[in-house]
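Student: To start, I am sharing the structure in question, which I have written as structure tokens.
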Amino acid sequence: MVLTDPARSARRAALAVRVAAWVLGLLPLALLGYRWLGTGLGANPIEALILHFGRWAIVLILVTLALTPTRRLTGFNQLIRARRSLGLFAFLYVSLHFLTYLVLDQFFAWDYIWEDIAERPFITVGFLAFLLLVPLAVTSTKGWIRRLGRNWVRLHRLVYVVAVLAVVHYYWNVRADEPTPILAIAAVALLLLARVPRVASRLSRLGRQ
Amino acid sequence: MLIRKPDDITSSEITPEDVYLNRRSFMADAARLGIAGALAPALVGAAAEAEAEAASAQGRFPARAPRQEELTPFEDVTQYNNFYEFGTGKGDPYRNSGDFKPRPWTIEVAGHCAKPGAYDLEDFLRPHELEDRVYRLRCVEAWSMVIPWRGFPVSRVIDRAEPTSAAKYVAFTTVVRPTEMPGQRGRILDWPYREGLRLDEARHPLTIFATGLYGRDLPNQSGAPLRLVVPWKYGFKSIKSIVRMEFVEDMPYTTWSAMAANEYGFYANVNPEVDHPRWSQARERRIGEFRKRPTLPFNGYASQVAPMYRGLDLRRWY
């Protein structure tokens, strides 16, 4: 009979989760590079970049939000180790999305940028989501976690607001009744629902069975 | 021989005096650019001169310099499209339109006219000499292209149909074929796609039915076999794959304005002053260029078409 070392297998699981988080986090850049080298980015590369980064930012926000409910449901506690990396990767793509708009699309035309933020609700909402992510990214270090203590958790609940703003931004930006933004909205609704205390404890009970 | 000016000619169809006086320099430019040969001699009248005048109206070119703007590459024109019948992504129409069969094709002319009827595409086209026209295309999403279309003025078709005095508008309809058009299998839009023009807009010499671009037949993703091109309006007015045109009395139903009336008006004239709620219309990105350029009123065709809208509040009738 083979003796399993619980500490060792936990370390292995933690490593696997971390590697998976990095693979997923770098996948959008790899896909972009592949497309660039292959067929290119098409007739409007700036628009293609903005859409690519924006879509992947939403995907990573959704995956980050899915970790806690999945952990409850499966009892696979190591999943939580992917949260910070994926959250930071989400911030990376939100930043690239915003910078592409700022630099390549608008080329620092501040008056037009300001007009966009002030007058176009979908941009207002997207910009707000970006701003709210900044303090979360800044306080993602161990030092800040220690210093903020209980307030760190409170602060990081802002990600729920960010998720809602992000999918509204996506929905308002799309013409006609495309299904993908509606799917993203449904996903956020489900993931927030999973955090309602009664739902959360039921998920945990299901996980233990 | 007495040449009489027809009574029904609108002021917009008359060549402006300065263009008329400059026609020799236009002819010289056109010849240098090699486009004169492609134009039917009869058409080196109002329409063609109007087009050249449109370019010079931008004021960016000295009077005798070549006026033609750089054409958007064929690959970009045919691989970057909004044609929701084939999908909502810009590359979808190019990728998903392979199964579409633009022939055989029938076009129905209906409504308030003396000669309604259904025509095979060949019969519909036969009476018309095709000409090449280089037009700017401006999308409401704030990008633009310069496209060499092949086609003929819609006014020719209207003249043949002999609309009655009740006809105030022309309504156009796109084909519905979910088996060949995968985008139509979902309810993304209220199919069939419909558009319309005021009768005088449809009659304007700049308004054409296009059957081709870059000297060849229209590819499926560009609206084969027959589409409208109205260069001073946002791209969505230029309805593709037309199966029906109807002369109507009241302002017709149009897909986008029905979908979001606050965003898409019936007129949809390119206007840098009136913003779309989601996209500033003050500037545009010409496909292939890095920096945005200012958008011109009526997409640069103001001197030809603005008279049609005299007295119309363009903020209200956007």
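The values are calculated or read from the model by the stated rules, or taken from the named source; none is laboratory data. Not measured: the values here are computed from a predicted model. Cβ placement follows ideal geometry from the backbone for every residue including glycine, while neighbour counts extend to all protein chains displayed. Heavy atoms of the whole protein, side chains included, go into the accessibility calculation; ligands, DNA and RNA do not. Shrake-Rupley method; radii C 1.70, N 1.55, O 1.52, S 1.80 Å.
Student: Go over the candidates A:158, A:190 one by one and state the one that is in contact with a Leu (Cβ under 8 Å, 6 or more places away or on another chain), modelled with pLDDT of 95 or more and open to solvent by 30 Å² or more (accessible area, probe 1.4 Å).
Tutor: Step by step, each of A:158, A:190 is checked, and only A:158 is in contact with a Leu (Cβ under 8 Å, 6 or more places away or on another chain), modelled with pLDDT of 95 or more and open to solvent by 30 Å² or more (accessible area, probe 1.4 Å).
Student: Across the stretch B:252-281, what is the total count of residues that are within 22 Å of residue B:292 (Cα to Cα), open to solvent by 10 Å² or more (accessible area, probe 1.4 Å), under 21 Å from the mean Cα position of the chain (by Cα) and of a type in the set (A, V, I, L, M, F, W, C)?
Tutor: 1
Student: Determine, yes or no, whether residue B:239 is within 12 Å of another protein chain (Cβ to nearest Cβ) and modelled with pLDDT of 95 or more.
Tutor: No; evaluated as a whole, the condition is false for this residue.
Student: Please tell me if residue A:168 is part of a helix (DSSP H, G or I) and in contact (Cβ under 8 Å) with a residue 12 or more places away in the chain. Show your work before the answer.
Tutor: Numbers: part of a helix (DSSP H, G or I): yes; in contact (Cβ under 8 Å) with a residue 12 or more places away in the chain: yes.
In short, yes.
Student: For the stretch A:57-113, which residues satisfy the criterion of being within 14 Å of chain B (Cβ to nearest Cβ) and of a type outside the set (Phe, Trp, Tyr)?
Tutor: A:100, A:102, A:103, A:104, A:105, A:106, A:109, A:111, A:113
Student: Please find, among B:133, B:160, the residue that is in contact with a strand residue (DSSP E or B) (Cβ under 8 Å, 6 or more places away or on another chain) and not polar (S, T, N, Q).
Tutor: B:133
Student: Filter the stretch B:152-193 for residues that are under 21 Å from residue B:101 (Cα atoms) and within 14 Å of chain A (Cβ to nearest Cβ) and give the result. Lay out the reasoning, then the answer.
Tutor: Initial filter on the stretch B:152-193 (under 21 Å from residue B:101 (Cα atoms)): B:172-186, B:191-193.
Across the stretch B:152-193, the qualifying residues are B:182, B:183, B:184, B:185, B:186, B:191, B:193.
Student: For the stretch B:284-295, give me each residue that is over 13 Å from residue B:140 (Cα atoms) and either outside any loop (DSSP other than H, G, I, E, B) or more than 14 Å from chain A (Cβ to nearest Cβ) (or both).
Tutor: Passing the criteria: B:293, B:294.
Student: Closer than 30 Å to residue B:69 by Cβ and in a loop (DSSP other than H, G, I, E, B): does that describe residue B:192?
Tutor: Answer is no for this residue.
Student: Still on this structure, I have one more. For residues that are of a type outside the set (Ser, Thr, Tyr) and touching an Asp or Glu at 6+ places or on another chain (Cβ under 9 Å), scanning just the stretch B:273-283, find the one that is farthest from the other protein chains (Cβ to nearest Cβ).
Tutor: The selected residue is B:281.
Student: Just for helices (runs of 4 or more DSSP H) wholly inside the stretch A:26-132: which have at least 3 residues that are touching a Leu at 6+ places or on another chain (Cβ under 9 Å), open to solvent by 20 Å² or more (accessible area, probe 1.4 Å) and not basic (Lys, Arg)?
Tutor: A:45-74, A:83-99
Student: Under the condition of being without any contact (Cβ under 8 Å) to a residue 40 or more places away in the chain and not polar (S, T, N, Q), which residue from the stretch A:56-70 is farthest from residue A:156 (Cα to Cα)?
Tutor: Restricting to residues being without any contact (Cβ under 8 Å) to a residue 40 or more places away in the chain and not polar (S, T, N, Q), the top hit is A:56.
Student: Hey, can you tell me all the residues within the stretch B:114-144 that are touching a helix residue (DSSP H, G or I) at 6+ places or on another chain (Cβ under 6 Å) and farther than 25 Å from residue B:301 by Cβ?
Tutor: B:115
Student: Moving to a separate point now. I'm trying to understand the selection: among the residues of the stretch B:205-243, which are over 11 Å from residue B:149 (Cβ atoms), among the β-branched types (Val, Ile, Thr) and open to solvent by 10 Å² or more (accessible area, probe 1.4 Å)?
Tutor: Within the stretch B:205-243, B:243 is the sole residue that qualifies.
Student: Restricting the search to the stretch A:171-209, which residues are in a helix (DSSP H, G or I) and within 14 Å of chain B (Cβ to nearest Cβ)?
Tutor: Within the stretch A:171-209, A:171, A:172, A:173, A:179, A:180, A:181, A:182, A:183 meet the criteria.
Student: Here is a follow-up. Helices (runs of 4 or more DSSP H) wholly in the stretch B:73-143 with at least 1 residues that are away from chain A (no Cβ under 14 Å) and open to solvent by 20 Å² or more (accessible area, probe 1.4 Å) - which ones?
Tutor: By residue number, B:92-96, B:121-125.
Student: Regarding residue B:202, is this residue aliphatic (A, V, I, L, M) and part of a strand (DSSP E or B)? Talk me through it step by step, then tell me what you get.
Tutor: Numbers: aliphatic (A, V, I, L, M): yes; part of a strand (DSSP E or B): no.
In short, no.
Student: On to the next question. I'd like to know if the stretch B:296-318 contains one or more residues that are within 14 Å of another protein chain (Cβ to nearest Cβ), among the polar types (S, T, N, Q) and either surrounded by 15 or more Cβ atoms within 10 Å (Cβ to Cβ) or touching an Asp or Glu at 6+ places or on another chain (Cβ under 8 Å) (or both).
Tutor: no
Student: Also, I was wondering about something else. Looking at the stretch B:144-159 only, could you name the residues that are part of a strand (DSSP E or B) and open to solvent by 10 Å² or more (accessible area, probe 1.4 Å)?
Tutor: If the condition is that a residue be part of a strand (DSSP E or B) and open to solvent by 10 Å² or more (accessible area, probe 1.4 Å), then B:148, B:150 are the ones that fit.
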